[in-house]
1. If you take just the strands (runs of 3 or more DSSP E) that sit entirely in the range 129-230, which of them hold at least 2 residues that are over 25 Å from residue 77 (Cβ atoms) and in contact (Cβ under 8 Å) with a residue 40 or more places away in the chain?
2. Here are 192, 105, 142: which of them is surrounded by fewer than 20 Cβ atoms within 10 Å (Cβ to Cβ) and under 16 Å from residue 277 (Cβ atoms)?
3. Within the bounds of the range 174-184, is there any residue that is open to solvent by 60 Å² or more (accessible area, probe 1.4 Å) and on the phi > 0 side of the Ramachandran plot?
4. Out of the residues in the range 233-266 that are in contact with a Ser or Thr (Cβ under 8 Å, 6 or more places away or on another chain) and open to solvent by 60 Å² or more (accessible area, probe 1.4 Å), which is farthest from residue 138 (Cα to Cα)?
5. Take the conditions part of a loop (DSSP other than H, G, I, E, B), open to solvent by 30 Å² or more (accessible area, probe 1.4 Å) and among the β-branched types (Val, Ile, Thr) and apply them to residue 112. Does it pass?
6. Hey, could you check the range 271-290 for residues that are open to solvent by 30 Å² or more (accessible area, probe 1.4 Å) and part of a loop (DSSP other than H, G, I, E, B) and say which is farthest from residue 164 (Cα to Cα)?
7. Taking the range 38-58, which residues are within 10 Å of residue 17 (Cα to Cα), open to solvent by less than 70 Å² (accessible area, probe 1.4 Å) and not polar (S, T, N, Q)?
8. Please enumerate the residues belonging to the range 190-219 that are out of contact with any Leu (no Cβ under 6 Å at 6 or more places or on another chain) and aliphatic (A, V, I, L, M).
Amino acid sequence: MDILDDVSNAIIKASTTLSNDKYNALKQAISTESNENAKWALEMILKNYQVASEKKFPLCDDTGIPHVIIELGSERHITGELINQIHEGIYQGLNNLPARPMAVKGDEVERIEQSKGLYEKPGMLRPASILIDNVNDESTYKRDISPDTLNIHFLLEGGGPEIRSKTYRVYHKRSFENVIGTACEWLESSLKMLGCTPSIPSIGIGRTHYEATSLLLKSIAYGNLDNQSAHERQITNRLNESGIGPLGFGGKTTVLGCYLNIGNQRASGVRVVSIRPSCFVEPRVATLEL
């Protein structure tokens, strides 16, 4: 199986193309926005999307850090060769895009200090560890994964939202509203400083920091603004009441929607909550079906 070109093309698609549900949500926001400055900002954001898609330009100068989720059916197999081809395809895709050079040179200390500078080739920005998803997943975004499924989801995660993200414990006090309310408070604080609103924030709630963040990443890959749950709509309405608005101009549209993914929980007084206030070019996602 040679998928190098397919992976490369998926990386380019994720960086340059907006999904239909996000496009529809933005057009709806423009039609209902009464704040003149906010409406102008939304129209410019839409124009940016249209130019990027037509010209195959990145949606943002921050072209993102690759994350990969493999959706695996019971009759399919993952080999070391496939993993190597995913890595090589991402390398080619970032170079072909071209992405912004962001990979830091040096040993572990030099990479922390950024004392050796950057690699010139964008492809040197290696993806994060690959996440495997299968039919045994138990969460809000649980998938009906058929035995012959092998899908590879590519996410490009920008640095700004990562700076404003948070994963921490919440004392639930036997109250769903307390947990969700705390997550919303974190997001309200983050969105004020993000700058690149409107956002599509993601929330993952699990038993460990790793699990909560994994749930968040799955929601980014699988979420759809055309199919929002009652809880997601509730969070969206609350965050829009903040009045931050597009690019901080005020108005009705601080977020276009949100993703809430709740996994298994353990007998404990705390829940581990992970939030990510995506900027207006995110989520950047493309899927390769094999």
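1. Passing ranges, in order: 150-157, 166-171, 202-206.
2. 192
3. yes
4. Checking each candidate, the answer is 247.
5. When the stated conditions are applied, residue 112 does not pass them.
6. Applying the filter and picking the extreme gives 290.
7. Answer for the range 38-58, where residues must be within 10 Å of residue 17 (Cα to Cα), open to solvent by less than 70 Å² (accessible area, probe 1.4 Å) and not polar (S, T, N, Q): 49, 51, 52, 58.
8. The answer is 191, 193, 194, 205, 212, 215, 216, 217.
The values are calculated or read from the model by the stated rules, or taken from the named source; none is laboratory data. This structure is a prediction, so every number in the text was calculated from the model and none was measured. Glycine gets a Cβ as well: all are built from the backbone with ideal geometry, and neighbour counts include every protein chain shown. Just so you know, the surface numbers come from the protein's heavy atoms only, side chains and all, with ligands and any DNA or RNA stripped out. Shrake-Rupley method; radii C 1.70, N 1.55, O 1.52, S 1.80 Å.
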